[in-house]
1. Check whether at least one residue in the stretch 189-200 is closer than 16 Å to HIS167 by Cβ, assigned to a loop (DSSP other than H, G, I, E, B) and of a type in the set (S, T, N, Q), and report yes or no.
2. Aliphatic (A, V, I, L, M), assigned to a strand (DSSP E or B) and either open to solvent by 10 Å² or more (accessible area, probe 1.4 Å) or modelled with pLDDT of 95 or more (or both): does that describe ALA175?
3. Filter the stretch 297-325 down to residues that are of a type in the set (Val, Ile, Thr) and part of a strand (DSSP E or B) and give me whichever is nearest to ALA354 (Cα to Cα).
4. GLY75 - would you say it is on the phi < 0 side of the Ramachandran plot, surrounded by fewer than 18 Cβ atoms within 10 Å (Cβ to Cβ) and either among the hydroxyl-bearing types (Ser, Thr, Tyr) or not in a loop (DSSP other than H, G, I, E, B) (or both)?
5. Residue pairs, Cβ under 8 Å, 6 or more apart or interchain, first in the stretch 119-136 and under 29 Å from ALA205 (Cα atoms), second among the charged types (D, E, K, R) and open to solvent by 50 Å² or more (accessible area, probe 1.4 Å). List them.
6. In the stretch 79-100, what count of residues is obtained for those that are open to solvent by less than 10 Å² (accessible area, probe 1.4 Å), in contact with a Phe, Trp or Tyr (Cβ under 8 Å, 6 or more places away or on another chain) and assigned to a helix (DSSP H, G or I)?
7. Being more than 39 Å from the chain's Cα centre (by Cα) and of a type in the set (Val, Ile, Thr), is that true of even one residue in the stretch 74-84?
8. Among the residues of the stretch 401-452, what is the count of those that are in a loop (DSSP other than H, G, I, E, B) and of a type in the set (Phe, Trp, Tyr)?
Amino acid sequence: MTGRLYGVGVGPGDPELVTVKAARLIGAADVVVFHSARHGRSIARATAAPYLREGQIEEQLVYPVTTEDSDDYQGEIDAFYVECAARLAAHLDAGRDVVVLAAGDPFFYGSYMHLHKRLADRYPTEVVPGVTSVSAGSAVLGRPLVERDEVLTILPGTLPPDVLAEHLAHTDSAAVMKLGRTFKGVRAALEASGRLDDAWYVERATTGKQRTSPLSEVDPDTVPYFSLAVLPSRVRERTTAGEVVVVGLGPAGREWLTPEARTALASADDLIGYGPYLDRVPPNPHQRKHPSDNKVEAERAAFALDLAKSGSRVVVVSSGDPGVFAMASAVLEVGDEEQFSSVPVRVLPGLTAAHAVASRVGAPLGHDYCVVSLSDRLKPWEVIAGRLEAAAKADLVLAIYNPASRSRTWQVEAARDLLLAHRSPDTPVVIGRDVGGPQEDVRVVRLADLDPAVVDMRCLLLIGSTTTRTTGRGQVFTPRRYPA
């Protein structure tokens, strides 16, 4: 009995996008086959790696040429596939099941199809579909490819630019594959067809090297083969009236963002917020971003409400949670004015900086705690000092936001000295900076050793109560039981 041949799509590059069936077949195969250029690297093999097992035979099929610059490109490729088919036939004749890995989908510009044509009439064969790069590109852009009666056209970038331009000018949506060295011609075709401003560039979608950008801004010398141009749907049918949604982005990257917040961001027409926070939201070709300074909260809120009043779906972004020293209260306050009474406002929570910092060291917020901002821009220092003293007397753990800035340099020292009047010099203090970000730094010091020079606006302080402890492993927690 012969073995069985499987053409298995492994998707665009994220191993978690490999289907359950594909993963099962890869793990069960006697022989796993993958293509590569002479450099030996294989995207399909790297994607399937988590599903391979010891003892499997691996067959690497190395292309003799990778471009059509050869004097006899087609002849060399045909000979290559004849040889490859013979290698696979030997395994199948020996009764071994063979899985041929295909990036994306096996029958979507895939190399597997050339083996299929040569072997499917001789051996039992099954093709397992995979997520295509076009679907992945649409997903990472956050834009539908086609809606309602629109037509989607898939084009290879290897077509002459004038032919590409003709297709692009007469279709609703499109994806152009195989960029790399064809990018300049594809860009010229998009410009000639009047579609350049609509086009988006997607590189290595769903992988750690993913890049998206308006195609007009891409340097041709940086474009690899595994990239595509996308013309998303042009239908912008509104399904809801205008509204303002205030969204918490969490303290850092996308992994800290809730699914609810992601949905709101993807469906917005306009995004409003402090510039560095807006920069954390991936670009979307059909959204407008309105960055502003961090000292114009009321103006920002009014602008958002005005846009929503005219029918726009507006998202106002905040770092952390929008209800904690952030934009939710500003939007609700301005939204309470009579002129905005018809505009709905929703608030979506986010992971707070206090909880993010606390998680890095253990559970310092395990008992009662309070949250205080040291910024005296919106309230006088006398009020802040009174609240710090009250919290210290009540033996509460303190989460201190906005401890310092370039213009506020003395408040941390003043707060430390005030708290030392009520707390032991050995009280644990957690200094969390840029938690979740590339410059994350979390350290635990004694209250007496809190150095204002190491604290800036990107820091958050957690100051323990009389019961807060530091373990032998350096973790910090506040017991849930309070001494009688």
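The values are calculated or read from the model by the stated rules, or taken from the named source; none is laboratory data. Every value quoted in this text rests on a predicted model; they were computed, and no experiment measured them. Ideal geometry is used to build each Cβ from the backbone, glycine not excepted, and the neighbour counts take in all protein chains shown. Just so you know, the surface numbers come from the protein's heavy atoms only, side chains and all, with ligands and any DNA or RNA stripped out. Shrake-Rupley method; radii C 1.70, N 1.55, O 1.52, S 1.80 Å.
1. Of the stretch 189-200, the ones closer than 16 Å to HIS167 by Cβ are 189-196, 198-199.
Those still in the list that are assigned to a loop (DSSP other than H, G, I, E, B) too: 193-195, 199.
If we keep only those that are of a type in the set (S, T, N, Q) too, we end up with 193.
Yes, because at least one residue in the stretch 189-200 is closer than 16 Å to HIS167 by Cβ, assigned to a loop (DSSP other than H, G, I, E, B) and of a type in the set (S, T, N, Q).
2. yes
3. Taking the stretch 297-325 and keeping what is of a type in the set (Val, Ile, Thr), we get 314-317, 324.
The next check asks that each one be part of a strand (DSSP E or B); those that pass are 314-317.
Numbers: VAL314: 27, VAL315: 23, VAL316: 21, VAL317: 18 Å.
The extreme case among them is VAL317.
4. yes
5. Partner pairs satisfying both residue conditions: GLU126/ARG4; VAL128/LYS21.
6. The total comes to 2.
7. Within the stretch 74-84, one or more residues are more than 39 Å from the chain's Cα centre (by Cα) and of a type in the set (Val, Ile, Thr).
8. Of the residues in the stretch 401-452, 1 are in a loop (DSSP other than H, G, I, E, B) and of a type in the set (Phe, Trp, Tyr).
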